[in-house]
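*Asks:* Below is a structure I'd like to ask you about.
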Amino acid sequence: MILTAHQPLYLPWLGLFHKISMSDVFCLWGDVQFSPNDFIHRNRIKGPNGSILLTVPIKSHGHREKTINGMEIDNTKNWRKKHWKSMFLNYKNAPYFESYGDFFRKTYEKEWRSISALDEHILKYLLKELGISVKFLRASECGFEGTKSARVLDMCKKLGADTYIFGMMGKDYADAKEFKKAGVELCFQSYKHPIYPQLHGDFLPNMSVVDLLFCMGEKSYSILTKGNPKKYLNTIK
């Protein structure tokens, strides 16, 4: 069984969906410490003048003592209207905007209390539209123990995984010897970003996956996996 995991991300980039697509089980790690420098509450879309950073305002007081699941959105700021307006103005002429735009309009009409709930709602929709089918779990419901590499290994043991897919940063902290001792094979994703037709001039990589979806529609999954390992490949260097 191939397992991977990640913390909640807002409007995630293509690489996350590639990593999930290679797994049988995906676990959402919302019960780890919130980092304001990560993409938990922000991401980029493309506009005529380059990338546009969309940031969900967070009540950041005491964030060092809180998990991502415990972080509340600051709804005193009018961020939902701004995000929808930015998405609409920059993608209304995209070939597939009408196919997916209504979901985001309705999402931004709703008041969200927690960033993890918003991120999960969007992620599940995007997985469905990309045709990526995996078992979806929340770490907060599984009782994993330890930190960093030890916690990942505990997750593998409790879920019965024999292969775990790290991102490339996993090489900095994964205790390979312990995984090998437990019979869990390690893979480290090295994502090759595809080039595809975008709006607004020259190609910009590392945008939110919504850029791909609005521009390429049902072709999005084949594009984001092009040139990258497919599901069940045992060795990812």
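*Asks:* Distance cut-off 23 Å, Cα to Cα: go down the list 59/110; 19/157; 110/219; 19/110; 85/110; 124/180 and report the pairs above it. Provide the component values of the computation, followed by the final result.
*Replies:* Values: 59/110 18 Å; 19/157 20 Å; 110/219 29 Å; 19/110 29 Å; 85/110 15 Å; 124/180 32 Å.
As for pairs spanning more than 23 Å Cα to Cα, those are 110/219; 19/110; 124/180.
*Asks:* Then there's this: Just want the answer: with Cβ charges of +1 for Lys and Arg and -1 for Asp and Glu, which residue in 93, 75, 127 is farthest toward the dipole's positive end in region 46-128?
*Replies:* 93
*Asks:* Going Cα to Cα from residue 226, which aspartates and glutamates come in below 19 Å? Please leave out same-chain ones fewer than 8 positions away.
*Replies:* List returned: 129, 211, 218.
*Asks:* Would you calculate, for the chain, the mean residue ellipticity at 222 nm contributed by helices, counting each DSSP H stretch of 4 or more residues as -39,500 (n - 2.57) and dividing by all residues, to the nearest 500? Walk me through the intermediate numbers first.
*Replies:* On the way: 8 runs with 82 residues, N = 237.
The helix contribution divided over the chain gives -10000 deg cm²/dmol.
*Asks:* Can you compute the charge dipole magnitude of the chain about its Cα centre, using +1 on each Lys and Arg Cβ and -1 on each Asp and Glu Cβ, nothing else charged? Give it in debye, rounded to the nearest 20. Write down the numbers at each step before the final one.
*Replies:* Working: 35 positive and 24 negative charges, 55 e Å.
Dipole about the Cα centre, nearest 20: 260 debye.
*Asks:* I'd like the Kirkwood hydrodynamic radius of the chain, using the inverse of the mean 1/r over distinct C-alpha pairs, in Å. Don't jump to the answer; show the numbers that get you there.
*Replies:* Numbers: mean 1/r = 0.0537 Å⁻¹.
That comes to 18.6 Å for the chain.
*Asks:* Between residue 222 and residue 82, with labels modelled 7 Å along Cα→Cβ, what's the label distance in nm to one decimal, could you check?
*Replies:* If labels sit at residue 222 and residue 82, their model points lie 3.9 nm apart.
*Asks:* Placing +1 on the Cβ of each Lys and Arg and -1 on the Cβ of each Asp and Glu in the chain, which of 204, 221, 55 has its Cα farthest towards the positive end of the resulting dipole?
*Replies:* 204
*Asks:* Among 80, 138, rank each residue by its count of other Cβ atoms within 10 Å, from fewest to most, as a rough exposure measure. If you can, show how the numbers build up before the last one.
*Replies:* Values: 80 18, 138 15.
Least to most surrounded, the residues fall as 138, 80.
*Asks:* Between the alpha-carbon centers of region 74-112 and region 43-70, tell me the distance in whole angstrom.
*Replies:* What the calculation gives is 15 Å, centre to centre.
*Asks:* Excluding same-chain residues fewer than 8 positions from residue 66, which aspartates and glutamates have a Cα within less than 16 Å of its Cα?
*Replies:* 31, 38, 74
*Asks:* Still on this model: With only Lys, Arg, Asp and Glu charged, each at its Cβ (+1 for the first two, -1 for the last two), find how big the charge dipole of region 103-227 is about the Cα centre; round to the nearest 20 debye. Each step should come with its number before you reach the end.
*Replies:* Values: 19 positive and 16 negative charges, 46 e Å.
For this selection, approximately 220 debye.
*Asks:* Tell me, what ³J(HN,Hα) does each residue in region 170-175 have, in order and in whole Hz, if you take phi through Karplus 6.51 cos²θ - 1.76 cosθ + 1.60 with θ = phi - 60° and put x for Gly and Pro?
*Replies:* x, 4, 6, 9, 5, 8
*Asks:* Same structure, new question: State the antiparallel share, in %, of DSSP beta bridges confined to the chain, rounding to the nearest 5. Could you put the intermediate results ahead of the total?
*Replies:* On the way: 10 of 25 bridges.
The antiparallel proportion sits near 40 percent.
Every read-out reported here was derived from the displayed coordinates using simple, explicitly stated rules and does not represent laboratory data. For clarity, every value in this text was computed on a predicted model and none was experimentally measured. Every residue, glycine as well, gets a Cβ built from its backbone with ideal geometry; the counts of neighbours run over all protein chains shown.
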